[in-house]
1. Report the one residue of Gly599, Thr464, Ala624 whose Cα lies farthest in the direction of the positive end of the charge dipole of the chain (charges on C-beta: Lys and Arg +1, Asp and Glu -1; origin at the Cα centre).
2. Between Glu142 and Ser485, what FRET efficiency comes out of the Förster formula 1/(1 + (r/R0)^6) with R0 = 41 Å and r the beta carbon distance, rounded to 0.05?
3. Explain nothing, just the number: relative contact order of the chain, from Cα pairs under 8 Å at least 6 residues apart, as a whole percent.
4. So what is the calculated 222 nm ellipticity per residue for the chain, using -39500 (n - 2.57) for each DSSP H run with n of 4 or more, over all residues, to the nearest 500 deg cm²/dmol?
5. Can you tell me which lysines have their Cα less than 20 Å from the Cα of Lys144? Leave out same-chain residues fewer than eight positions away.
6. When the Cα centres of the range 189-236 and the range 95-172 are compared, how far apart do they sit, in Å?
7. Where in the chain lies the longest segment free of GluC sites (Glu not before Pro) that are both loop residues by DSSP (not H, G, I, E, B) and have at most 14 other Cβ atoms within 10 Å?
8. Using DSSP to call loops (not H, G, I, E or B), can you name the chymotrypsin sites (Phe, Trp or Tyr not before Pro) in the range 204-233 whose Cβ has at most 11 other Cβ atoms within 10 angstrom?
Amino acid sequence: MTSRTFYITTPIYYVNDLPHIGHIYTTVVADVVARYQRMRGREVRFLTGTDEHGQKIVKAALAQGITPEELANRVVRRYPPLWQALGITNDDFIRTTEPRHWAGVHEMIRRMEARGDIYKGNYGGWYCAGCEAFFPQTQLVEGKCPEQGHPVEWLEEESYFFRLSAYQQPLLRFYSDHPDFIRPESRYNEVVRFVEGGLKDLSVSRVSLPWGIPWPGDPRHVVYVWLDALTNYISALGFGSQDPSLFERFWPADLHLVGKDILRFHCVYWPAFLLSAGLPLPRQVYGHGWWLRDDKKMSKSFGNVVRPDHLLERFGADPLRYFMLREMTFGQDASFSDEGFLQRYNADLANGLGNAAARVLAMTRRYYSGTTPPVRCGANVLADKSGEVVARYVACMDSLEFHRALEAVWELVSAVDGYVNEKQPWAIFKLEGGSSERLGRVLYNSLEALRLAAAMLAPVMPTTSRRLLAQMGIAPESRAAVALSWGELPTLAPLGEEGALFPRVDVQEFLAEVTVNETSEPGGQSVAPPPAAPAGAAEEQISIEEFARVKLVVGLITAAERIPKSKKLVRMQVDLGEGKQRQIVAGIGTRYAPEQLVGRRAVFVANLKPAVLMGVESQGMVLAASVEGDPFLLGVDGEVPPGTGVK
């Protein structure tokens, strides 16, 4: 019998850097699963959070001249608005600096010590701060971490150890008895081979690190980051606190979602810790693939992370959620690009779902005075197709094959288009001299198939689903909004507001705008920047002759207005002392209102080639400094005449 509760978690995210597409993807997947399970009637607990201890955080804080706590607070503030913008419905957000988490970690250690699995000794090994892990000499690749190529350092110090070696056979027995514990199958085989190769006792404390949870009874030591971090899954449920009711209700977890690079910690260390503590093991750990850019995993170390703020701002959360779930075969790697996103948007959303819904709703409005048809229809080709698609959708969602579930939904959308083309409602209306029972059946069938598509899309595209259902006159709290059986569309229901679900986008214009906003930060037209120099490398130097080729002058802004359909781009008329006005487009609209710009003097590049941005020609570039993405124009003191050179 299937449990009526469902507990799903994401990994807790390091606070050494701002959230990016990797964090977004895992959290969106978790949200999709949580919404789907709620739709199927289960009581869901959905947890995410942040990992705020460890050497990586200390180094990142030192590099910024702040304390680890200040860094953690600064980064964590970014998560709530981002999750809200993405439609994430997490029930809890755990921080490893919270007292409830410390209580859970101390209770874990107390149980492990009582079992005799903790002892003190000395440890030496090659340590990767980037992965927060030790690696034997034989696993190093050219002297670097085998996971991501980070540098390693030799560490030797007093440490508490966990008797991981004692759990080799218990773990292998558990894997054998629970073959679905690790998914996909390739990851299962990888973990089993690792454990079969032998396990060594694990260092679980540090004396050289001041930032972390003090070891109970020995505050010279702090708890090793993975024993600390992994415990979040139960500390967030009240394990170790005075109220363990959530723990008793929701543990063991139904699904831990993790990236494949941290699979070993979740499938070897975590179950061994739980066995030692006498606690049930999670039901499944799923190690998904990476989003790649330029054939590399996105990583702050590589300088290739993607933060798709521009896509969220322009298109909203649903198209981005759809792209990530549709583009990546869950468990494998996939490449992220704006071009790939725009192709999916136009082909699947604008031309596919959006177009099918628009045609059917427009005919329904016209032929039935703004209500759904008065007749229902039972057996028909769309009903048969819907039954097949729904069964496939449910099976694919249950097995976390999101791309196949969405493929099935789009087969139904395509079937609606084909059905309309074949039945030709406009011809029926003309032939029969107006609305008729046959016309009603055709449009009812088309609308009902679209209703089912909207219901199936609700976990992935919740806003789109609600909007499409509302256009069909369906209340979000009604059975028709979630039912996956044929025939729930109400008859003679007033249709909702009109409006295109997904207006088509001009790909070239959008990419031109993104280039402005991402590369000039955000002072107007620009070319792509050169690759960032490796950390510690000297910046490339240019000669005075090369610098002299750039003509910088003072300009007076005489007029300004926003460019339609863009929140960032502003069109300015600028006096550069040439006897005529120049038109310059700049991505500064998030900070400056047009009326704030008029009469202002700024520094402009006067000899940049013209470029067309969102259909508007820009004949130069204004210079701006960028502070966390906000533009600050470079001004000049006094009444410097327009056209004055800047040297």
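Read-outs: derived from the displayed coordinates by stated rules, not from any lab. As the structure is a prediction and not an experimental result, all values here were calculated from the model. Cβ placement follows ideal geometry from the backbone for every residue including glycine, while neighbour counts extend to all protein chains displayed.
1. Thr464
2. Working: r = 59 Å, r/R0 = 1.44.
So the FRET efficiency works out to roughly 0.10.
3. Dividing the mean separation by the residue count of the chain yields 10 percent.
4. Numbers: 23 runs with 245 residues, N = 647.
So the helix-based figure for the chain works out to -11500 deg cm²/dmol.
5. Reachable lysines: Lys56, Lys59, Lys260, Lys296, Lys297, Lys300.
6. Here the answer is 4 Å between Cα centres.
7. Details: sites that count: Glu142, Glu432, Glu477, Glu497, Glu498, Glu539, Glu540, Glu578, Glu628, Glu639.
Value returned for the longest uninterrupted segment is 143-431.
8. Working: sites: Trp211, Tyr224, Trp226, Tyr233; in loops: Trp211, Tyr224.
Sites meeting the loop and neighbour criteria: none at all.
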